[in-house]
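Each remark here refers to the structure printed beneath this line.
The values are calculated or read from the model by the stated rules, or taken from the named source; none is laboratory data. On a predicted model such as this, the values are computed, not experimentally measured, just so you know. Note: ideal-geometry Cβ built from the backbone for every residue, glycine included; neighbour counts use all protein chains shown. The accessibility values were calculated without ligands, DNA or RNA, using every heavy atom of the protein model including side chains. Shrake-Rupley method; radii C 1.70, N 1.55, O 1.52, S 1.80 Å.
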Amino acid sequence: MEVPGPGSRRAAASMLLRSARVPRECWALPTALLCAYGFCASLRPSEPFLTPYLLGPDKNLTEREVFNEIYPVWTYSYLVLLFPVFLATDYLRYKPVVLLQGLSLIVTWFLLLYAQGLLAVQFLEFSYGMATAAEVAYYSYIYSVVDPRVYQRVTSYCRSATLVGFTVGSVLGQVLVSVAGWSLFSLHVISLTCVSVAFAVAWFLPMPQKSLFFHHGPAPGQGPHGIKVQNGGLVPDPATGHHLPGWEDIESKIPLNLEEAPLREPEAGPARLRALKVLWDDFLVCYSSRPLLCWSVWWALSTCGYFQVVNYTQGLWEQVVPSRHAAIYNGGVEAVSTLLGAVAVFAVGYIKISWSTWGEVALSLFSLLIAAAVYVMDTANNIWVCYTSYVVFRIIYMLLITIATFQIAANLSMERYALVFGVNTFIALALQTLLTVIVVDASGLGLDISTQFLIYAGYFALIAVVFLASGAISIMKKYRQREGPEPSSPVAPP
C-alpha cells in the first residue's frame, strides 16, 4: 500500500477543515435579522420615564392606582402566560411567537399614547406581560436555524443587540428630556416607531423547520434529549452543549451525574404527549443534582426580588424627587447601570475560584450587599444616593446571575438549558406574584413604596442568611470528607 505523502495529508486536512466550517450564509442572515429585531425592540427611550408619565398630566393617575392596581397586572399576566407561551413557542416553531411579541409591544405603546383610564392602562400592562413572556421565542429562535457549532457566537450577538438597544434607548431618552426638552409623550412616539420597525423586521425571519421538543428528531448516536450516548450512559453532547467563552478552565463545572440517567427510548403516542414526557423526564434528571438545585434556588429567589425592585424603583425615586418639581435622570442611571453591569459580567470570565466549594458563601455575601443597597436606596433622602445604590444593586445582580447561568448551563445540553432556565423563571414569577399579592396589590396589604422596599431589603437579607448557613454546612462536610479516617497501620503478626 502506498503511504500518503505530506502533500496529500495536508490536502486531506484542508478538506476536513473546510468540511468542519459552518457556511456563513447558513447563519449570518437569520442572526443579522434577529439582532436587528432585538435592537429595535429594545430601543425604547420612554421606558425609564414610565412612572412619571403615568403620574403626570398625560394619564393623571394616582400613586395608589399606578403602584397597587396597575403594575401588579404585569406580574400576574407574565406568570399566567409564561408556560403556555413556552409550549406554543416550540410547537409553532418560534417565528409566530416572535411576531406576537412585536405585535404586543406595538399594542402596549399605542395604548400608552392614547389609552385613558385605569382599565385601559391595566390592559396595556397585560399586553406588556404577553410581550415579556414571548421573549423566550427571541432567545431560542436562533438555535433552530443555525448549526450548533456557532451557538456561542450567535448567542453573544443576539444578547448584545438587546443590551445595546436598551442602553442607546436610555441615553437617547435622557438626552431628549434633559437637553432638547422633549415631552414624555414624544418619547413614547419614538418607542412606538422603534417597536413597529422591529415587528416589520420579524416578518423577514426564515421559518424554522425544527424545534427542541415538538419538531425535533435525535441525531444518530444521540439520545432523545440532545444527550450523547457514551459508555452505556448519557453525557452532554459537545455539539449541543452551551458553553461560554473563556470559562473552560474554571475549577467547578457542576457534575450533573448524567451518566447515571437511563437512556429512554422515544415512546409511541401523540407528539404532544411525547414532548411533555421528555420535559418531565428532563426536569427530574436536572433537579436531582444538589449543586444545580442550589444555584437554581438562588436564581429563583433573587430574580423574584430583582423584578420587584426594578419594577418599583421609579416610584421610589418619584417620592424622593417628584418629576414635576425637578429634573430627573432615570434614563442616564439605567444606561450607566447596564454598561457597568456588562463590564462586571465580562470580568467574571477572569475570576478563578472554586465555585463548588465557595459558591454558596459568595452568594450569601453578595446577597447581603444587595440587601444593603436596597436598604440605603429606601432610607436615603438624596436622589443621587438612591441612583448610586440602584447602580450597585444592578451590577451585583448581573454579576451573580451570570455566574449562576454558567454554573447551571456548563454541563447541560441545549434542550435542558432551556428547560431549567424556563422553570427557574417560572418559580421566580410565582414567588413574585405571591409577594405582589401580599405586599403591593390593593386587595392585599397595599403598602406604600417606602415600606415595600424595606421588605425587599429584608427579603435579600433572608436569602443571605439561608445561603450562609447552607454554605457553611457544605464546606464543613467537604473538609471532613477530605480529612477522613486515617488508615490503621497493619499489625505485625506474633
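Using a simple spin-label model with points 7 Å from Cα along the Cα→Cβ vector, what separation in nm is obtained for Leu369 and Lys477?
Distance between label points: 2.7 nm.
Fully extended, how many nm does the chain gain between Lys277 and Val465 (0.36 nm per residue separation, minus their Cα-Cα distance)? Mind showing how you got there, number by number?
Numbers: separation 188, 0.36 × 188 = 67.68 nm, distance 3.70 nm.
Value of the extension gain: 64.0 nm.
What is the local net charge at Tyr114, summed over the other residues whose Cβ is closer than 11 Å to its Cβ (Lys, Arg +1; Asp, Glu -1)? Write down the numbers at each step before the final one.
Numbers: positive: Lys59; negative: Asp58.
Around Tyr114, the surrounding residues sum to 0.
Would you mind putting 323-332, 293-302 in packing order, based on average other-beta-carbon counts within 10 Å, highest first?
The most tightly packed comes first, giving 293-302, 323-332.
Order of 113-121, 444-452 by packing, highest average Cβ count within 10 Å first?
Packing proxy ranking, top to bottom: 444-452, 113-121.
Could you state the orientation-averaged shadow area of the convex hull built on the Cα atoms of the stretch 57-128, in nm² to one decimal?
Here the figure is 4.8 nm², rounded to one decimal.
Enter the per residue convex hull volume of the stretch 90-176, computed from alpha-carbon coordinates, in Å³ rounded to the nearest integer.
Working: hull volume 8.4 nm³, N = 87.
With only Cα atoms used, the stretch 90-176 gives 97 Å³ per residue.
Describe numerically, in nm with one decimal, the distance between label points set 7 Å from Cα along Cα→Cβ at Leu284 and at Asp58.
With each label point 7 Å from Cα toward Cβ, the separation is 5.2 nm.
Counting only protein chains, not ligands or nucleic acids, how are Met377, Met207 ordered by accessible area (probe 1.4 Å), most first?
Of Met377, Met207, the descending order of accessible area is Met207, Met377.
Return the tail of the calculated pair distribution for the stretch 308-350, meaning the percent of Cα-Cα pairs more than 16 Å apart.
Roughly 51 percent, rounded to a whole number.
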